[in-house]
Structures are given as C-alpha cells and as structure tokens.
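The values are calculated or read from the model by the stated rules, or taken from the named source; none is laboratory data. No experiment lies behind these values; they were computed from the predicted model shown. Cβ sites come from the backbone with ideal geometry, for glycine too, and all protein chains shown count toward neighbours.
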Amino acid sequence: MTLAIDGWFTIGDDGTHLLGTRCADCGTVSFPPQWGFCRNPHCSGETQEETRLPRQGTVWSYTNACYAPPPPFAAAEPYTPVTLAAVELAEAGIIVLGQVKDLTVDELRVGMELRLTHGPLADGPLVWMWEAAQ
Amino acid sequence: MNTVVIGAGMHPWGKWGKPFIEYGVAAARAALADAGVSWTDVQYVVGADTIRNGYPGFIAGATFAQALGWNGARIASCYAACASGAQAIDLARTRILAGLCDVALVVGADSTPKGFFKPVGGKRPDDPDWLRFRLLGATNPAYFALYARRRMALYGSTAADFAAVKVKNAACGALNPMARYRKPVTEQEVLASPMVADPLRLMDICATSDGGAAVVLASAEFARRHGISRPVRLAAVSTVTPTFPNTTLELPAFATDSAAAVSEQAPQLRIPAPERPFRADIAHAAYEEAGLGPDDLSFAEVYDLSTALELDWMEDVGLCPPGEAEKLLRAGDTTLGGRIPVNPSGGLASFGEAIPAQAIAQVCELTWQLRGTAGARQVAGARVGLAANQGLFGHGSAVIATT
Ligand SMILES: [Zn+2]
C-alpha cells in the first residue's frame, strides 16, 4: 500500500482520516499539516500536534475535469472525468478539496453529506477521496 | 503629491509564438512614445516577471532594460502571480512618491504554452502548485468552477447568466484592437461550447495568451514640466494580502484556513468570518486610499478568469450587494452605455491571460478611458476607473485612477 503523499492521511481499521496539525498554544488546525510555526498571526506557537480531521462533512462546492488534467496528474486511459468536491468540515472550521469516488457531478449537490475514503491514482498510489455518506 | 500615468502602450494579445521580450519591448516603446519621453531619460524600470520563460523571465526588469539598451537606470523585477503588474506599478509609484525618481517605466510581458497552465516542471512534492495537479488533477478552471457552482447554489445563478457575461465582454472586445478575440458571440454559442469543468464551458473560461503592456509613470511635477496637461492620476494601488483565517478555498490550496481556533479565542463567534472576503478586502483598501467609493466609479475592469467570476467581482468591488450581480448584468447596467460598464476593454474573455502583463493592461485601459481616447469602446464621461485582480498565493491588486 503506497500513499501518494506521506503524512496527509492515514488508512486504518476505523477508516480513512485526513491528518492535520493542531497548534498546542492556540488550537489552530491546519490541513495540509503545518509543522513548526503557527499560521495564526496572533500566535507565536511553534509546537504542533498531529490531529485527525472529522471524517464527514457537507459539500461546499463541486466540479469535474472533463479533459484529462496535465502531468504530473496520471490520467487513466481511457480517461473518465475526475470529480472534485470541496467539503466543509464544520467542527474543524475548514473546507478540504478532494477527488470524489464513484459519483459524477450529476449526483452531487451543494450541502449534501460526504465522508472520507481513499482510492488509487491511475498509476497506483493511494490518495484521500470523498464518497457518498450513505 | 501625485503619481500620474503619462504613457500607456501594449503589444496586441494573441498566440504569436515569439519570445516575451519582443512583446515587452514593443509595449515599452509604445508607452514611451505615448508619453513623449525618451528611453534614455527613464530613471527607473520595473519588470513584472514571467515564470515560464527561464532566467530572463525571472529578472524581467533587467531583461527589458537590456533589450531597450542599457541606459543606467535603476531596476527592479517582481513576481506576484496575476498581480505582478500591479505590484510592479506600486514599486515605481512608491519610488516616485518618495521623491527618489521622477519618471519610471513599468513593463510586463508573457509568452505562454498551449492549453491549461501546468505547474513548473520536475518532481516537486513540496510545492502545493505541483501537488494539486499530482494528487487531485485540480487545474485552474477546476477552482473557477467550484466558485461558479457555489454561486449557483447560493444565488440561483444559471449557465445562461454566465453566458451573458461572455456575450457582453465579447461585444466590447470586438471593439478593442489590442484584444485577441474580436468576434461577437451569442449566448447559444457559449452554451453549446464543450463543458470543461462543470458548470463552466470552454467559452466561460479565459484562455492563456501572449501579450505585453507598459506604462510610463511620473511625478505630477515632471508631467507639468513636460507640458502634459491633466494627466491620469493614480489615486490608489492596493496589494493587500488576506486576513487570517481566510475561509475561501483559494487557488492552488487544498484547504481553507481553519476558523475553529479563532472561535476558541473569541467564543462569542462560533465560526468567525473575516470582516470581508479577500477579494473585497483588495478593493476596500484601494477605496480607502483613494478616499472614494464604489458609487464614484465610472467603470470597472475586473479579473474575469471565468464568466461567473466577473459576477463575484462585481459584488466584491461593491457595485451591488451579494447575489445581485445578475440583476445588473441583465438590466444592461454593466454593458457599454450602461450605468456602470464592467470590462469595457473586453476583459480576459477577449484577451486571454498574459499573467505579468495583465494588471498593467488593465491600467492601460483605465488610462485610455479616462483620457477619453478609447475609441468605439469609450465609456462616456469617464472620470474614475477601478481595475481589480487576484492571483495565486495571496496576491491581488486594485488600482483606482482618476482624471
Ligand atoms: Zn497557534
């Protein structure tokens, strides 16, 4: 099992989770993880703890890529449009972009619930993805 | 003390396949001729960089200065994504305002590859711009499409509304000899063009272009000495950054800033939105600096990377409250001859984007409109113009110019 990027998400028995950082001083959550200096301008904290982001959220917006994106994206052949969703994770106060697994834009609506899973890029490595929350 | 625009010049936008230096030099010579200033008298040259044209692109100020013939002027080069040109203008302006020089030349030019903008080459997993392509296949149009879909969900905007923006801008572009696309289009043509990133179609999205633009800036005193009566005045140049937490998903980010920590510090605010979204902040800072407001504008040039984004911008620069841009558009308010024309140049819809040149081209349009020399696309009685844009990594600009 190869992850397309290390340290951004984890796959376990309890599902796929996005990994962020949480500032020990002010609690600012960052995704992708921001080790070291805190991004909150009012905070001089330099200690970050790893934190799992909520697995479920609501669609803030969505789109697709009707044409194969250019490299370094590995496009499947034949190419089928990649669906993307920006999902709002309310408790973390953050919106996270990801590919959507097994849903087309016609099946998505702003405000609908999605949850985190993972799936392969066309050349093999795994990446986080959103899927229908049932 | 004022900084004034005494010269404006452009190389026509297109896909000419020539080195960016040629476009920049052509634009610079046109601007100098327009100003009646000799190149050898220019004291300061600022180049807006292009990151797709090798080392000469990273040091654009020196590249243009050498191409024009070393004249001993001081130089600067800067990169600020789509706001590069405005930042270059701001550098020259502040040097003039500081009294360190009287006359400066600002140049930006780009030569672009075909198709979507790709990240700069090589394997660079530390660069978010590389990673968003690698992990998500998230092109620039994908982000424009996210904003467009969000607008449809919030305000009930339709694909036909977006198409109407293109129709309006294409009609203006047809009147602009510097524009790349000079053919009027119909709503049906836009709606029949191929879907690129749902809900945006090919004709909703701006192309990438070659082009060059330049302005000659001077102190008001220099202009007076050279017999230039009533030059266009730069009333404000805003290049502000976002305020944390930026709760908009910005290109090329994977996520927004988190608003959660700030709510802990200020528990009375569950999810505190910043006072204004970033794009509105950019314009607001320019209004403050100029001592003017949206009601004072005669016209606006906004960064229509997509048709839908022009509608967002109209609200961000304060032409109407959120959700009402379609109403103005459909009433003809933003068309030439309307109450507040938006993108009388034809906008990115008619130009395509030549990144380092684009914000300078916007100021060229402000200059010609305010001089009353914009020809068939002239906004009648133009007295105050605003140009606004936003680019990657927290860059954006708003310029206000007045007669
Ligand atoms: Zn902190």
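How many residues does the range A:60-97 contain that are facing chain B (nearest Cβ under 7 Å), free of Cβ contacts under 8 Å to residues at least 40 places away in the same chain and among the small types (Gly, Ala, Ser)?
The total comes to 2.
Looking only at the range A:32-59, count every residue that is within 8 Å of another protein chain (Cβ to nearest Cβ) and at pLDDT 95 or above and tell me the total.
Adding up the residues that qualify gives 1.
Quick one: count up the residues across the range B:357-399 that are assigned to a helix (DSSP H, G or I) and either surrounded by fewer than 21 Cβ atoms within 10 Å (Cβ to Cβ) or touching a Cys at 6+ places or on another chain (Cβ under 9 Å) (or both).
Of the residues in the range B:357-399, the ones assigned to a helix (DSSP H, G or I) are B:357-371, B:375-377.
With either surrounded by fewer than 21 Cβ atoms within 10 Å (Cβ to Cβ) or touching a Cys at 6+ places or on another chain (Cβ under 9 Å) (or both) added as a condition, the list becomes B:358-359, B:371, B:375-377.
Selection size over the range B:357-399: 6.
Inspect the range B:337-351 for any residue being under 17 Å from B:Asp296 (Cα atoms) and basic (Lys, Arg) and give the result as yes or no.
For the range B:337-351, residues under 17 Å from B:Asp296 (Cα atoms) and basic (Lys, Arg): present.
Working only within the range B:285-335, note down all residues that are more than 18 Å from the chain's Cα centre (by Cα) and of a type in the set (A, V, I, L, M).
B:Ala290, B:Leu292, B:Ala325, B:Leu328, B:Leu329, B:Ala331
Determine which member of the set A:Ala65, A:Ala92, A:Ala85 is touching a Ser or Thr at 6+ places or on another chain (Cβ under 8 Å) and within 16 Å of the ligand (Cβ to nearest atom).
A:Ala92
Failed condition for B:Phe133, given (1) in a helix (DSSP H, G or I); (2) in contact (Cβ under 8 Å) with a residue 24 or more places away in the chain, with all others met?
(2)
Applying the selection to the range A:1-24, what residues are touching a residue at least 60 places away in the same chain (Cβ under 8 Å), hydrophobic (A, V, I, L, M, F, W, C) and assigned to a strand (DSSP E or B)?
We begin by selecting, within the range A:1-24, every residue touching a residue at least 60 places away in the same chain (Cβ under 8 Å); these are A:1-5, A:8-9, A:11, A:15-18, A:20.
Narrowing further to those that are hydrophobic (A, V, I, L, M, F, W, C): A:1, A:3-5, A:8-9, A:11, A:18.
Result: A:Leu3, A:Phe9, A:Ile11, A:Leu18.
Restricting the first residue to the range A:42-53 and requiring it to be touching a residue at least 40 places away in the same chain (Cβ under 8 Å), which pairs with a second residue that is among the β-branched types (Val, Ile, Thr) meet a Cβ separation below 8 Å and a spacing of at least six or different chains?
Short answer, once both residue conditions are applied: A:Arg52/A:Thr10; A:Leu53/A:Val29; A:Leu53/A:Ile94; A:Leu53/A:Val96.
May I ask you to verify whether A:Thr2 is within 18 Å of the chain's Cα centre (by Cα), more than 16 Å from the ligand (Cβ to nearest atom) and not assigned by TED's automatic domain parsing to the domain that holds A:Arg115?
Yes.
Yes or no, residue by residue, for (1) outside any strand (DSSP E or B); (2) of a type outside the set (Val, Ile, Thr); (3) in contact with a His (Cβ under 6 Å, 6 or more places away or on another chain):
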site	(1), (2), (3)
A:Cys38	yes, yes, no
A:Glu46	yes, yes, no
A:Thr58	no, no, no
A:Pro72	yes, yes, no
A:Leu103	yes, yes, no
A:Gly111	yes, yes, no
A:Asp123	yes, yes, no
A:Val127	no, no, no
A:Glu131	no, yes, no
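Considering only the range A:19-44, how many residues are among the hydroxyl-bearing types (Ser, Thr, Tyr), more than 9 Å from the ligand (Cβ to nearest atom) and over 18 Å from B:Asp127 (Cβ atoms)?
1
Do we have B:Ser111 as under 24 Å from B:Ser209 (Cα atoms), outside the structural domain of B:Tyr303 (by TED's automatic domain parsing) and touching a residue at least 12 places away in the same chain (Cβ under 8 Å) here?
yes
Does A:Gly27 qualify as being at negative phi, out of contact with any Lys or Arg (no Cβ under 7 Å at 6 or more places or on another chain) and either surrounded by 14 or more Cβ atoms within 10 Å (Cβ to Cβ) or assigned to a strand (DSSP E or B) (or both)?
Taking the combined requirement at face value, the residue does not satisfy it.
For B:Val103, which of the numbered conditions (1) modelled with pLDDT of 95 or more; (2) over 19 Å from B:Ala236 (Cα atoms); (3) among the β-branched types (Val, Ile, Thr) fails to hold?
Result: B:Val103 fails condition (2) only.
Suppose the filter is facing chain B (nearest Cβ under 10 Å), crowded, with 16+ Cβ neighbours inside 10 Å and either away from the ligand (no atom under 16 Å from the Cβ) or not acidic (Asp, Glu) (or both); does A:Ala122 pass it?
It is false that A:Ala122 is facing chain B (nearest Cβ under 10 Å), crowded, with 16+ Cβ neighbours inside 10 Å and either away from the ligand (no atom under 16 Å from the Cβ) or not acidic (Asp, Glu) (or both).
Suppose the filter is within 10 Å of chain B (Cβ to nearest Cβ) and modelled with pLDDT under 95; does A:Arg109 pass it?
Judged against the criteria, A:Arg109 is not a match.
Please note which strands (runs of 3 or more DSSP E) are completely contained in the range B:167-242 and include at least 2 residues that are β-branched (Val, Ile, Thr) and surrounded by 21 or more Cβ atoms within 10 Å (Cβ to Cβ). Talk me through it step by step, then tell me what you get.
On the way: elements: B:195-197, B:210-219, B:232-238.
Of the strands (runs of 3 or more DSSP E) lying wholly inside the range B:167-242, those with at least 2 residues that are β-branched (Val, Ile, Thr) and surrounded by 21 or more Cβ atoms within 10 Å (Cβ to Cβ) span B:210-219, B:232-238.
If the requirement is being within 17 Å of the chain's Cα centre (by Cα), among the hydrophobic types (A, V, I, L, M, F, W, C) and at pLDDT below 95, which of these qualifies: B:Leu234, B:Leu251, B:Leu269? Lay out the reasoning, then the answer.
Working: B:Leu234 fails: at pLDDT below 95; B:Leu269 fails: within 17 Å of the chain's Cα centre (by Cα).
When all the criteria are applied, what remains is B:Leu251.
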